[in-house]
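What follows is one structure encoded as structure tokens, with my remarks underneath.
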Amino acid sequence: MAGAVLSAGTKVKHGTLSSYLGAVLEQGIGVGRARDVIRDEIEEQPKVQAVYVATLGAYVGAYRSFAASHFRWFSTQDGNNPIPVVLNITLGEDCTFIADEDFVALEADGSVKTDSLETRAADVWDRFGSAALTRPGGIPPDWIDSFEYPQLCDKATIDRGGRPAYKFWKDVDLFVFSMGMPHMPHPLESWQDQACKWKDEDKLDFSCLSNRERFSKAGMARFKELSFIRDRARRQRYCVSLESAVSMEIREAGLQGPESSMEVYERLKQEDTGPS
């Protein structure tokens, strides 16, 4: 499969979870990385083994991974409550890519034509800033410059307001805004306009999450020393606050998907244990 080409030096992002950072630091981002079982139930399986990179769309990927992991923990108390993170990447060589199938029109039978993933690649990148890199080795660690993560706040801090709470809600807005991409005629322009507006009026950078750390052993060590990362109970409470805030804004924006997480969970439980 050929596709279009993103040239060396292109800046892209990749959404993931904090729990994967150690493995990515050692091995990079491999093609066809496994997703949470709940995401596999809710979303279409990727059509091609690739590494999905994006601009605004990376925040969708990070939040979807977080929401699936958080719901699995909330339902079963299984997992370690990772937080959403976004990796900032500079491509070290020219990379062939195809279209992200989420932005390619379906056929009458609900399928995606493989040919259209090639022919629509450049258009999807230009319009939505999303691509599936088909480079066999994936993305090596030394192409990753830094990682972003949202403002970490206790509920009392969020309720009290002030600068920390303001940053928390700014990050919530960025996650929700990214999920509206398919509904926007010019999503990247809208994002850029919003980022400029927020930066001018509120002195906050809406083009990234509130915190950034170098992608290195030293940067990872600093991240792991954060109280919200070291303290599992505190991290759990933060994840509840983040998921609740984003879910509330998604509902208000009319962006909720066709299936609720509870419906998916009940179906998964029946598949594991058989009908009750």
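The values are calculated or read from the model by the stated rules, or taken from the named source; none is laboratory data. This structure is a prediction, so every number in the text was calculated from the model and none was measured. Don't worry about glycine lacking a Cβ; one is built from the backbone with ideal geometry, like all the others, and counts go over all protein chains shown.
Residue 213 - would you say it is touching a helix residue (DSSP H, G or I) at 6+ places or on another chain (Cβ under 6 Å) and within 18 Å of residue 87 (Cβ to Cβ)? Break it down into steps so the answer makes sense when it comes.
Working: touching a helix residue (DSSP H, G or I) at 6+ places or on another chain (Cβ under 6 Å): yes; within 18 Å of residue 87 (Cβ to Cβ): yes.
Here the answer is yes, as residue 213 does meet what is asked.
Every residue in the stretch 183-237 that is touching a strand residue (DSSP E or B) at 6+ places or on another chain (Cβ under 7 Å) and either in contact (Cβ under 8 Å) with a residue 24 or more places away in the chain or acidic (Asp, Glu) (or both), please.
208, 209, 211, 212, 213, 214, 215, 219, 223
What about residue 178, is it touching a residue at least 12 places away in the same chain (Cβ under 8 Å), among the small types (Gly, Ala, Ser) and not in a helix (DSSP H, G or I)?
No: the conditions fail for residue 178.
Would you mind finding the one in 86, 112 that is outside any helix (DSSP H, G or I), at pLDDT 90 or above and either under 24 Å from residue 8 (Cα atoms) or not acidic (Asp, Glu) (or both)? I'd like the intermediate steps shown before the answer.
Numbers: 112 fails: at pLDDT 90 or above.
Going through 86, 112 in turn, the sole match is 86.
Output yes when any residue across the stretch 114-122 is surrounded by 21 or more Cβ atoms within 10 Å (Cβ to Cβ) and either more than 22 Å from residue 4 (Cα to Cα) or touching a residue at least 40 places away in the same chain (Cβ under 8 Å) (or both), and no when none is.
yes
For the stretch 201-251, name all the residues that are acidic (Asp, Glu) and within 19 Å of residue 166 (Cα to Cα).
In the first step, residues of the stretch 201-251 are kept if they are acidic (Asp, Glu); the result is 201-202, 205, 213, 225, 231, 243, 249.
Across the stretch 201-251, the qualifying residues are 201, 202, 205, 243, 249.
When only residues in the stretch 149-199 that are closer than 24 Å to residue 13 by Cα and basic (Lys, Arg) count, which is surrounded by the fewest Cβ atoms within 10 Å (Cβ to Cβ)?
By that ranking, first place goes to 197.
Looking only at the stretch 131-156, count every residue that is assigned to a strand (DSSP E or B) and either within 23 Å of residue 233 (Cα to Cα) or among the aromatic types (Phe, Trp, Tyr) (or both) and tell me the total.
In the first step, residues of the stretch 131-156 are kept if they are assigned to a strand (DSSP E or B); the result is 131-133, 139, 144-149.
Of the ones still in play, those that are also either within 23 Å of residue 233 (Cα to Cα) or among the aromatic types (Phe, Trp, Tyr) (or both) are 147-149.
Selection size over the stretch 131-156: 3.
I need the full set of residues from the stretch 117-142 which are of a type in the set (Gly, Ala, Ser) and under 20 Å from residue 30 (Cα atoms), in order please. Show your work before the answer.
The first filter runs over the stretch 117-142 and keeps only residues of a type in the set (Gly, Ala, Ser), leaving 121-122, 129-132, 137-138.
Hits for the stretch 117-142 are 130, 131, 132, 137, 138.
When only residues in the stretch 205-254 that are surrounded by 16 or more Cβ atoms within 10 Å (Cβ to Cβ), aliphatic (A, V, I, L, M) and more than 17 Å from residue 154 (Cα to Cα) count, which is farthest from the chain's Cα centre (by Cα)?
Among them, the one singled out is 220.
If I filter the stretch 100-107 for residues that are part of a loop (DSSP other than H, G, I, E, B), crowded, with 23+ Cβ neighbours inside 10 Å and at pLDDT below 95, do I get at least one hit? Break it down into steps so the answer makes sense when it comes.
Our first condition is that a residue be part of a loop (DSSP other than H, G, I, E, B); within the stretch 100-107, this holds for 100, 104-107.
Remaining after also requiring crowded, with 23+ Cβ neighbours inside 10 Å: 100.
Cutting the leftovers down to at pLDDT below 95 gives us 100.
Yes - at least one qualifying residue is present in the stretch 100-107.
Does the stretch 6-14 contain any residue that is assigned to a helix (DSSP H, G or I) and modelled with pLDDT of 90 or more? I'd like the intermediate steps shown before the answer.
Going through the stretch 6-14, the residues assigned to a helix (DSSP H, G or I) turn out to be none.
Scanning the stretch 6-14 turns up no residue that is assigned to a helix (DSSP H, G or I) and modelled with pLDDT of 90 or more.
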